[in-house]
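Asks: Below is the structure I would like to discuss, written out as structure tokens.
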Amino acid sequence: MATIALKDVRKNYGRNKVIHGVSLDVADHEFIVIVGPSGCGKSTLLRMVAGLEEITSGTVEIGGRVVNKLEPRERDIAMVFQNYALYPHMSVFDNMAYGLRNARRSKSEIALRVANAAKMLELGSLLDRKPRALSGGQRQRVAMGRALVRDPAAFLFDEPLSNLDAKLRVQMRLEIKALQRNVGTTSLYVTHDQVEAMTLADRLVVMNEGKAEQIDTPMKVYSKPASVFVAGFIGSPAMNILEAHVGVDARGIAIRSGVTIDLPEMNLPNAGMPLLFGIRPEHISVTSEERADMILTVAAVETLGADTLAHCRMAANDKGSDFVLRVPGMMPVYAGQRLPVMFDRKAVHFFDVKTRNRLF
């Protein structure tokens, strides 16, 4: 087991800068998920840790030693890829044993390690099969088993579940989390799937255009996003973000259409200051007209079963929608309906208009 430390790591392709000084300390046994949209640099960052990409500047340490100049095989890491990367002509046993044979381990040790990993991953009855005779989930288990038998200092996962269907992804998420908990190996995991990230991570690294926008626990990232980008990326559906300004008496905020939301207990900045107001769909509730913060008009409805998403406008003649509400699935909601709503005062967010970073 080992710690991993990234210190001001940067990556340039010629004049094109793709990683802009990422620093991260990963504790022994910790499971870190690097999440972000396509092209944000998350896989490039992982490949630099693995030694598959050269580092332009900064340092990567694994187990306390700088590995910048070391080949991948010298870094004591094991990597699981999106496409499994199994040898099609080899059996499951031989695929899992391949790395150990290259390391010149004894036959008895290889057999013991493969047997233990196969038992943990429920592959015992499949050891004689070739990859073509396996399902997608079984192939991914074999890829994880191949990494597991090596007993590395760290696991690196590069979007390992992207090729699986939705139901199988859920199952494999649980298996990966249980596996990491049982073996305790320090892990870096890359994904674009926020649900995957939230359910697996001890801490998240939210990447945006080559920068680590926020590094924190999943619930801290969800409840206190550091920027508008994080607020929009983490959470499904995304947080509602509207332009607003502090009210004249600094006791509330004014949104367009003359709507003011009273926030007497919050320490708001100067009256008239422009800001971005954010609230998640699940923190807006339907109430009586007497208690409502505003009356919204339903523009469209998405029925999800247990929940319904109501896309609403602040004014009936507006185009598009200003707010998305998450309401119980049994609640009748229809287009054109007027909904009196109330905001959870403990779950509102404010961001700077220019920097788009969190204010408080």
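The values are calculated or read from the model by the stated rules, or taken from the named source; none is laboratory data. Just so it is clear, the model here is predicted, and its values are computed rather than measured. All Cβ positions, glycine included, derive from the backbone under ideal geometry; neighbour counts span all protein chains shown. Calculation scope for accessible area: heavy atoms of the full protein, side chains included, ligands and nucleic acids excluded. Shrake-Rupley method; radii C 1.70, N 1.55, O 1.52, S 1.80 Å.
Asks: Just one of 118, 133 is within 15 Å of residue 151 (Cα to Cα) and either open to solvent by less than 60 Å² (accessible area, probe 1.4 Å) or basic (Lys, Arg) (or both); which is it?
Replies: 118
Asks: Identify the residue in segment 91-138 that is among the aliphatic types (A, V, I, L, M) and more than 34 Å from the chain's Cα centre (by Cα) and, among all such residues, is nearest to residue 183 (Cα to Cα).
Replies: Looking at the filtered set, the residue picked out is 112.
Asks: Another question, then. Going through segment 161-185 one residue at a time, which ones are touching a Lys or Arg at 6+ places or on another chain (Cβ under 8 Å) and either free of Cβ contacts under 8 Å to residues at least 24 places away in the same chain or open to solvent by 10 Å² or more (accessible area, probe 1.4 Å) (or both)?
Replies: If the condition is that a residue be touching a Lys or Arg at 6+ places or on another chain (Cβ under 8 Å) and either free of Cβ contacts under 8 Å to residues at least 24 places away in the same chain or open to solvent by 10 Å² or more (accessible area, probe 1.4 Å) (or both), then 175 is the only one that fits.
Asks: Conditions first: (1) in contact with a Lys or Arg (Cβ under 7 Å, 6 or more places away or on another chain); (2) more than 22 Å from residue 218 (Cα to Cα); (3) assigned to a strand (DSSP E or B). Residue 32 passes all but one, so which condition is the exception?
Replies: (2)
Asks: Testing residue 267 on (1) surrounded by 15 or more Cβ atoms within 10 Å (Cβ to Cβ); (2) closer than 23 Å to residue 350 by Cα; (3) within 33 Å of the chain's Cα centre (by Cα), one condition comes back false. Which one is that?
Replies: (1)
Asks: Keeping to segment 1-29, report how many residues are at positive phi and part of a strand (DSSP E or B).
Replies: The qualifying residues number 2.
Matching residues to (1) closer than 30 Å to residue 310 by Cα; (2) at pLDDT below 85; (3) out of contact with any Cys (no Cβ under 9 Å at 6 or more places or on another chain); (4) open to solvent by 40 Å² or more (accessible area, probe 1.4 Å):
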| site | (1), (2), (3), (4) |
| --- | --- |
| 187 | no, no, yes, no |
| 209 | no, no, no, yes |
| 214 | yes, no, yes, no |
| 253 | yes, no, yes, no |
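This table checks each residue for (1) open to solvent by 50 Å² or more (accessible area, probe 1.4 Å); (2) touching a His at 6+ places or on another chain (Cβ under 8 Å).
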residue	(1), (2)
7	yes, no
11	no, no
25	yes, no
32	no, no
37	no, yes
40	no, no
61	no, no
67	no, no
82	yes, no
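Asks: I've got another one for you. Would you confirm whether any residue within segment 347-359 is under 30 Å from residue 211 (Cβ atoms), at pLDDT 95 or above and in contact with a helix residue (DSSP H, G or I) (Cβ under 6 Å, 6 or more places away or on another chain)?
Replies: Yes, segment 347-359 has at least one match.
Asks: Check residue 89 against each of (1) in contact (Cβ under 8 Å) with a residue 24 or more places away in the chain; (2) surrounded by 12 or more Cβ atoms within 10 Å (Cβ to Cβ) and name the one condition it does not meet.
Replies: (2) is the only condition that residue 89 fails.
Asks: Name the single residue that is least open to solvent (accessible area, probe 1.4 Å) among those in segment 121-130 being assigned to a loop (DSSP other than H, G, I, E, B) and either modelled with pLDDT under 90 or among the hydroxyl-bearing types (Ser, Thr, Tyr) (or both).
Replies: Checking each candidate, the answer is 121.
Asks: I need the full set of residues from segment 93-108 which are farther than 20 Å from residue 134 by Cβ, in a helix (DSSP H, G or I) and either of a type in the set (Lys, Arg) or open to solvent by 60 Å² or more (accessible area, probe 1.4 Å) (or both), in order please.
Replies: Answer for segment 93-108, where residues must be farther than 20 Å from residue 134 by Cβ, in a helix (DSSP H, G or I) and either of a type in the set (Lys, Arg) or open to solvent by 60 Å² or more (accessible area, probe 1.4 Å) (or both): 101, 102, 107, 108.
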